[in-house]
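K.L.:
Next up is a structure, given as structure tokens.
Just so it is clear, none of the values below were taken in a lab; they were calculated from the coordinates. Since we're looking at a predicted model, the values are computed, not measured. All Cβ positions, glycine included, derive from the backbone under ideal geometry; neighbour counts span all protein chains shown.
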Amino acid sequence: MIRTKPIVFMTAVFIMALPVLSFGGTVDLSRTGQTTCYDSSGNVIDCNGTGQDGEIQAGVQWPEPRFVDNGDGTVTDNLTGLMWLKDASCLGARTWQSALDVVADFNANPGNYDCTDYTANYTDWVLPNIVELETLVNAEESSPAAWLNSQGFTYVQSSYYWSATTCAYNTNCAWFVYMSFGSVYYSGKSYDYFYVWPVRAGQ
């Protein structure tokens with residue numbers, strides 16, 4: 001009896017651990033884009049030995065080119081495989097629910113919207129989740145909007161863009177990205193008017 005107890009215990013531990021063993025894995029995060037290092041006063045310094053992101057540059061290296069204009073009013077991100085509407089403001093600024101609704105209407109009636117060069121006919125656009133939206137931020141650039149406009153997108157505003165992700169802390173709010181300098185925060189769904197930038201899975 002005494003000898004079997006450890007065996008029974010170990011068997012029970014192994015069985016309980018099976019879901020963890022079965023679903024374990026890794027996530028490949030991309031680089032932030034930052035290659036410059038700074039001191040505490042904000043001055044540019046040599047990166048060697050700082051341990052800052054500009055020195056370590058951990059994560060998946062960005063492809064070159066990062067973005068490809070598909071010639072139909074869409075742009076594909078070669079890093080994530082996501083496809084974005086080229087015109088980042090043609091669906092306007094709206095409340096959160098209206099943002100979800102206008103993306104659904106765009107899928108059904110793209111001709112109702114004056115989007116730059118849009119000739120594609122995709123019907124699976126969605127409002128991006130907060131992780132997808134954050135991938136567009138380049139931490140090396142002082143203005144994500146200006147940088148994205150130089151990468152083949154048009155009319156990216158130095159303003160707020162809704163994500164489809166609700167804030168768990170306060171479900172009356174949803175997460176957004178501020179494309180003026182790349183910050184992420186949450187705001188009220190029903191009273192704030194933020195821009196809508198659809199995405200699709202692409203490749």
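K.L.:
Can you go through Val131, Val137 and tell me which one is under 20 Å from Ser183 (Cβ atoms) and touching a helix residue (DSSP H, G or I) at 6+ places or on another chain (Cβ under 6 Å)?
P.N.:
Within the list Val131, Val137, the selection yields Val137.
K.L.:
Criterion first (more than 16 Å from Gly92 (Cβ to Cβ), crowded, with 19+ Cβ neighbours inside 10 Å and touching a residue at least 24 places away in the same chain (Cβ under 8 Å)) does Asn138 satisfy it?
P.N.:
yes
K.L.:
Of the residues that sit in the stretch 171-202 and are polar (S, T, N, Q) and in contact with a strand residue (DSSP E or B) (Cβ under 7 Å, 6 or more places away or on another chain), which one is nearest to Ser143 (Cα to Cα)?
P.N.:
Across the stretch 171-202, the extreme among qualifying residues is Ser187.
K.L.:
Looking at the stretch 107-140, which of its residues are among the aromatic types (Phe, Trp, Tyr) and more than 12 Å from Val199 (Cβ to Cβ)?
P.N.:
Tyr113, Tyr118
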